[in-house]
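Working notes, structure below.
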Amino acid sequence: MGHDSFSFWIVAALAVGLVVTGIVGAKPPLRVVDELDLARYLGTWYAVASIPTPFERNCARGTTATYALLPDGQIEVVNVCFSADGRRIEARGRAWVPDPRVPAKLKVSFLNLWGLRFFPADYWVIDLAADYAYAVVGHPSRNYGWILSRTPTLPTEVLAGIRDRLAAQGYDWSRFRMIDQTIHGQP
């Protein structure tokens, strides 16, 4: 083995090691909003855009999420959307705040067996209008995300600002899909 070949293998091994350990291409930790008033967050939200989960693959339009406080302090989550043929699809789950010091980092589970919640997922509020007119929810992997609004649409300039803040957080805007809300009276 010549010197050039040996150097190549050392550089290749280092490169593979960096990729495997996540040093190359690693994204900074996802930042959440500093404050979240859960009482103000409750209610119905329209999903304006999302990087959908596999559970949303049959949703064609009209996606909403409604949050209601339960007596035990958890939050009931009711997600509704409509398939391409107009069929209503509903998913019910529970959300909770594991650490009250960071209320913007919620967990949500849609699998309930014998009163136990399985496979909770991170549901982090990463952007929020001061008046709670819109919210952006992300996942630390950046493989999922939702832009929520209290109305079926958002003004173009508001959406552009959200897009820029998502990019600053390491999200790829091209992965988001806009959600048709005409079923809810979107112009």
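The values are calculated or read from the model by the stated rules, or taken from the named source; none is laboratory data. The structure displayed is predicted, hence computed values, not measured ones. Glycine gets a Cβ as well: all are built from the backbone with ideal geometry, and neighbour counts include every protein chain shown.
Computed quantities for the displayed model
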| quantity | calculated |
| --- | --- |
| Top-ranked residue of the stretch 143-159 - restricted to ones that are closer than 20 Å to Lys105 by Cα and assigned to a loop (DSSP other than H, G, I, E, B), ranked as nearest to the chain's Cα centre (by Cα) | Tyr144 |
| Among the residues listed as Gly93, Gly86, the single one being part of a strand (DSSP E or B), out of contact with any helix residue (DSSP H, G or I) (no Cβ under 6 Å at 6 or more places or on another chain), within 18 Å of Thr63 (Cβ to Cβ) and free of Cβ contacts under 8 Å to residues at least 40 places away in the same chain | Gly93 |
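So that you can scan it fast, the table gives a plain yes or no per residue for (1) within 22 Å of Leu38 (Cα to Cα); (2) assigned to a strand (DSSP E or B); (3) not assigned by TED's automatic domain parsing to the domain that holds Arg94:
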position: Asn112; (1), (2), (3): no, yes, no
position: Asp122; (1), (2), (3): yes, yes, no
position: Asp131; (1), (2), (3): yes, no, no
position: Val136; (1), (2), (3): yes, yes, no
position: Ser141; (1), (2), (3): no, no, no
position: Gly161; (1), (2), (3): no, no, no
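Residue by residue, here is whether (1) of a type outside the set (A, V, I, L, M); (2) surrounded by 12 or more Cβ atoms within 10 Å (Cβ to Cβ) holds:
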position: Leu38; (1), (2): no, yes
position: Leu42; (1), (2): no, yes
position: Trp45; (1), (2): yes, yes
position: Ile51; (1), (2): no, yes
position: Gly93; (1), (2): yes, yes
position: Lys105; (1), (2): yes, yes
position: Trp114; (1), (2): yes, no
position: Ala121; (1), (2): no, yes
